[in-house]
Every structure is written in structure tokens, then in C-alpha cells.
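Report on the following structure.
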Amino acid sequence: YRRVILDYHFSEFPVDVLSKADANQIVDSMLEAKATSLLMYTKDHWGNIYSRTTQGKKHKSIDYDLFGQVLEIGKEKGLVVYAYYTVCWDEYYAREYPEWCSRDKDGNIICNNNTNK
């Protein structure tokens, strides 16, 4: 048994990041590494969504359902694919709606690392 976590937290700032992401190559790489399952983001900490949806913010470099393609190809080739969907952290919505952020007793936004820097 071997599970790989494809752990990418790519903001929108690097312009070309993920622009060459290829579902076939992802699945083939996992199988070459002898993975039996893959845990892959459908939504990351930056608020980017990598699956088909009408809600939320798609990553600028991914205009298709990357997760859905990996899921489908993985199923065809015998790789179990699990969805990782970030619920707690969402940088995009924190910037868009700061009133939704957790705050300390003085009204300062509480950052992920528990500092106000």
C-alpha cells in the first residue's frame, strides 16, 4: 500500500505555474512510483479550485477539470484517487471578505501562524 499526496499550494502569483499540468502524466507518474492511491487537491489553501464547479475561484492556469480528469484516468488505470478539499484556510476569500476572518479580542485578524504579522 502506498499513497502519495500531491501537495501543491500554488497561488495565482507565479504566472505559468500549473500551465502544463497533464492528468495523464500525473497518473502515470503515480503508477511509476508504485502508488496505489493519490490524494489530490480539489481546492487548496489559496482558495484555488481544480475541479468542475460553478462556485469559487478557479486557478488562473487551469481552465479545465484537472481533478476530474485525474480521477477518471486513475480509475481506468487502477489508481484510487481521493479528493482533498481545504475547508479551514482560504486566502482568496480572506482577502475578498475580511469580515469573515477570525479575530482576536482587539479585532485583529488572526493569521494561520497565530501572529498578526
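Quick one: would you say GLU91 is more than 30 Å from ALA33 (Cα to Cα), touching a residue at least 60 places away in the same chain (Cβ under 8 Å) and not aromatic (Phe, Trp, Tyr)?
Judged against the criteria, GLU91 is a match.
Name the residue, out of TYR82, TYR1, TYR93, that is open to solvent by 40 Å² or more (accessible area, probe 1.4 Å) and assigned to a loop (DSSP other than H, G, I, E, B).
TYR1
Within the stretch 11-19, is even one residue within 30 Å of TYR1 (Cβ to Cβ), surrounded by 14 or more Cβ atoms within 10 Å (Cβ to Cβ) and either modelled with pLDDT under 95 or not β-branched (Val, Ile, Thr) (or both)?
yes
Within the set of pairs 6+ apart or on separate chains, which have a first residue in the stretch 21-48 that is at negative phi, a second that is exposed (fewer than 14 other Cβ atoms within 10 Å of the Cβ) and among the basic types (Lys, Arg), and C-beta atoms under 6 Å apart?
VAL27/LYS77; ALA35/ARG2; THR36/ARG2; SER37/ARG3
I need a count of the residues in the stretch 34-60 that are under 13 Å from the mean Cα position of the chain (by Cα), under 17 Å from TYR97 (Cβ atoms) and part of a loop (DSSP other than H, G, I, E, B).
Qualifying residue count, the stretch 34-60: 4.
Please state which of the following conditions ASP63 fails to meet, knowing it meets all the rest: (1) without any contact (Cβ under 8 Å) to a residue 12 or more places away in the chain; (2) among the charged types (D, E, K, R); (3) open to solvent by less than 20 Å² (accessible area, probe 1.4 Å).
(3)
May I ask you to list pairs of residues, at least six apart or on different chains, whose Cβ atoms are under 7 Å apart, with the first in the stretch 70-84 being of a type in the set (A, V, I, L, M, F, W, C) and the second being open to solvent by 70 Å² or more (accessible area, probe 1.4 Å)?
What qualifies is ILE73/ASN24.
When ASN24 is evaluated against the numbered criteria (1) open to solvent by 40 Å² or more (accessible area, probe 1.4 Å); (2) assigned to a loop (DSSP other than H, G, I, E, B); (3) closer than 13 Å to GLN69 by Cβ, which criterion, by number, is the only one it fails?
Unmet for ASN24, out of (1) open to solvent by 40 Å² or more (accessible area, probe 1.4 Å); (2) assigned to a loop (DSSP other than H, G, I, E, B); (3) closer than 13 Å to GLN69 by Cβ: (2).
The values are calculated or read from the model by the stated rules, or taken from the named source; none is laboratory data. Since the structure is predicted, the reported quantities are computational estimates derived from the model, not experimental observations. For neighbour counting, all protein chains shown are included, and Cβ atoms are generated from backbone atoms with ideal geometry for every residue, glycine included. Quick note on the areas: whole protein, heavy atoms, side chains included, nothing else; ligands and nucleic acids left out. Shrake-Rupley method; radii C 1.70, N 1.55, O 1.52, S 1.80 Å.
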